[in-house]
Amino acid sequence: MYEQYYGFVQPPFTLTPDPRFLYRSESHEEAITLLQQAIRRKEGFIVLTGDIGTGKTTSCRALLEQLDASVFTSLVLNPFLSVEELLREVLLDFGVVSREGVRTGRIATASKHELISTLHEFLLSLMPIHGSAVLIIDEAQHLTPQVLEQIRIISNLETNEQKLLQIVLVGQLNLLDVLAAAEMRQLDQRISIRATLKPLNREEVEAYIAHRLWVARGSTAVTFEPAALDRVHAYTGGVPRIINLLCDRSLMQSAQMRVNRLTPAIIEEAAASLGLRLTEQGRQKKKKRAASATATAPTRGRVAGMAALVLALLVGAGLWFTPVDQLIDVGLPAPPPAPVYQPRFVTGPKPIPRDDLLLPPPVTAPPPANPRTAAP
């Protein structure tokens, strides 16, 4: 288990909708803020949509944790319910009935009218204590038209001043198509807030991974190279659920390799093992990189050719001014040495040096006279 190798307290990329791991991207923050405001203002119908795996359920759980104690909540995760089953589930979550009563008590055989009346009485009892109630139905795109129509009728439980029940429909993007149908026009007109969760961009993917590593208390033990983060975004398209799958598998492989820095090669191998393919955006980026490399290759060739030409010119200029005795150093054959002039010596008296010809002849004194021979 890579959790032990990296020292994580818990798996950082688990698929469970733990609100602690929710990274509030720009669209997530905007959606949760809109839902909070709508519930506080008792708007009635609210719709939250998003593509598969964008974190709708996790966002709903995070929203429920932020509501104060005066708000009674019901989170329905199973949309494949009949009208009666849905009403019993709501009453059970609000604490009106017990689970044993739903199974064997009078509420188990109650009619739809009786269930709605019981819910209405409970909602009216919240007014003296300034309480409110919120019903969140996940995967609402699977609700049948009959159940959606009944939900619209439930939303009519109100006073002259305010709605008694806030209903949040959470679903995939095709939920908007379901609500836009002609038979759903009355329900669609009652929707006051529509929020949408979007995939993460490249910068948000990096922040998302860092956030989950930090929550798992292992952010200092493992890092992702920038190029590896590029691969994660290219293979996942910024969808949090797929990011979790890819990063979890990548950490398994990096732990087996005993490395703490995840490289693009590790991401590629993990993506291949999961059968992931590059998204359309990732393929476009790959084509751009390939086109840029192809366009750069001739330019590099021309630059290399010009560099070789300049080098040849410089070498030629150097040879022009290179002394003869150094030509051998540049690999060129040296020309034969020039003949040295040898003067021919002529026999005879030694010539007087030129310097002596420039001096006057030496003056010699006459010999002293002999006194015996000198005249008197």
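The values are calculated or read from the model by the stated rules, or taken from the named source; none is laboratory data. Just so it is clear, the structure is predicted and the values come from calculations on it, not from any experiment. Ideal geometry is used to build each Cβ from the backbone, glycine not excepted, and the neighbour counts take in all protein chains shown. Accessible surface areas use protein heavy atoms only, side chains included; no ligands, DNA or RNA. Shrake-Rupley method; radii C 1.70, N 1.55, O 1.52, S 1.80 Å.
Mind checking which residues of region 1-33 are under 20 Å from V205 (Cα atoms), aliphatic (A, V, I, L, M) and either more than 22 Å from the chain's Cα centre (by Cα) or crowded, with 17+ Cβ neighbours inside 10 Å (or both)?
Those that are under 20 Å from V205 (Cα atoms), aliphatic (A, V, I, L, M) and either more than 22 Å from the chain's Cα centre (by Cα) or crowded, with 17+ Cβ neighbours inside 10 Å (or both): L22, A31, I32.
Is region 196-215 home to any residue that is over 27 Å from L169 (Cα atoms), open to solvent by less than 60 Å² (accessible area, probe 1.4 Å) and of a type in the set (F, W, Y)?
Taking every residue of region 196-215 in turn, none turns out to be over 27 Å from L169 (Cα atoms), open to solvent by less than 60 Å² (accessible area, probe 1.4 Å) and of a type in the set (F, W, Y).
Restricted to region 166-186, and to residues that are in contact with an Asp or Glu (Cβ under 8 Å, 6 or more places away or on another chain) and buried (at least 21 other Cβ atoms within 10 Å of the Cβ), which residue is nearest to R40 (Cα to Cα)?
Q166
Restrict the check to region 65-79 and report whether at least one residue is of a type in the set (A, V, I, L, M) and open to solvent by less than 10 Å² (accessible area, probe 1.4 Å).
Scanning region 65-79 turns up at least one residue that is of a type in the set (A, V, I, L, M) and open to solvent by less than 10 Å² (accessible area, probe 1.4 Å).
Do we have S111 as open to solvent by 30 Å² or more (accessible area, probe 1.4 Å) and over 27 Å from T58 (Cα atoms) here?
Against the criterion (open to solvent by 30 Å² or more (accessible area, probe 1.4 Å) and over 27 Å from T58 (Cα atoms)), S111 qualifies.
Might you check whether a residue that is of a type in the set (K, R), under 23 Å from I154 (Cβ atoms) and more than 25 Å from the chain's Cα centre (by Cα) occurs anywhere in region 43-59?
No - not one qualifying residue is present in region 43-59.
Taking the conditions exactly as written (in contact with a Phe, Trp or Tyr (Cβ under 8 Å, 6 or more places away or on another chain) and outside any loop (DSSP other than H, G, I, E, B)), does L115 satisfy them or not?
Considered against the rule, which asks whether it is in contact with a Phe, Trp or Tyr (Cβ under 8 Å, 6 or more places away or on another chain) and outside any loop (DSSP other than H, G, I, E, B), L115 comes out as no.
Residue check: is T49 assigned to a loop (DSSP other than H, G, I, E, B) and open to solvent by less than 40 Å² (accessible area, probe 1.4 Å)?
no
What single numbered condition from (1) at pLDDT below 90; (2) open to solvent by 60 Å² or more (accessible area, probe 1.4 Å); (3) farther than 18 Å from S74 by Cα fails to hold for G105?
Unmet for G105, out of (1) at pLDDT below 90; (2) open to solvent by 60 Å² or more (accessible area, probe 1.4 Å); (3) farther than 18 Å from S74 by Cα: (2).
Kindly list the number of the only condition in (1) without any contact (Cβ under 8 Å) to a residue 60 or more places away in the chain; (2) farther than 26 Å from T33 by Cβ that fails for H142.
Single failed check for H142: (1).
Condition test on K56, is it open to solvent by less than 30 Å² (accessible area, probe 1.4 Å) and among the basic types (K, R)?
It is true that K56 is open to solvent by less than 30 Å² (accessible area, probe 1.4 Å) and among the basic types (K, R).
Under the condition of being more than 18 Å from A210 (Cβ to Cβ), outside any helix (DSSP H, G or I) and charged (D, E, K, R), which residue from region 249-281 is most open to solvent (accessible area, probe 1.4 Å)?
R277
Would region 231-248 turn up any residue that is at pLDDT below 95, in contact with a helix residue (DSSP H, G or I) (Cβ under 8 Å, 6 or more places away or on another chain) and open to solvent by 30 Å² or more (accessible area, probe 1.4 Å)?
Checked region 231-248: no residue is at pLDDT below 95, in contact with a helix residue (DSSP H, G or I) (Cβ under 8 Å, 6 or more places away or on another chain) and open to solvent by 30 Å² or more (accessible area, probe 1.4 Å).
Conditions tested, residue by residue: (1) touching a residue at least 40 places away in the same chain (Cβ under 8 Å); (2) among the hydroxyl-bearing types (S, T, Y).
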position	(1), (2)
Y5	yes, yes
Q10	yes, no
E26	yes, no
R40	no, no
G44	yes, no
L48	yes, no
G55	yes, no
S70	yes, yes
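For the structure I just gave you, tell me whether A38 is part of a helix (DSSP H, G or I), in contact with a strand residue (DSSP E or B) (Cβ under 6 Å, 6 or more places away or on another chain), crowded, with 19+ Cβ neighbours inside 10 Å and hydrophobic (A, V, I, L, M, F, W, C).
yes
Can you confirm whether R88 is open to solvent by 10 Å² or more (accessible area, probe 1.4 Å) and in a helix (DSSP H, G or I)?
Yes, satisfied.
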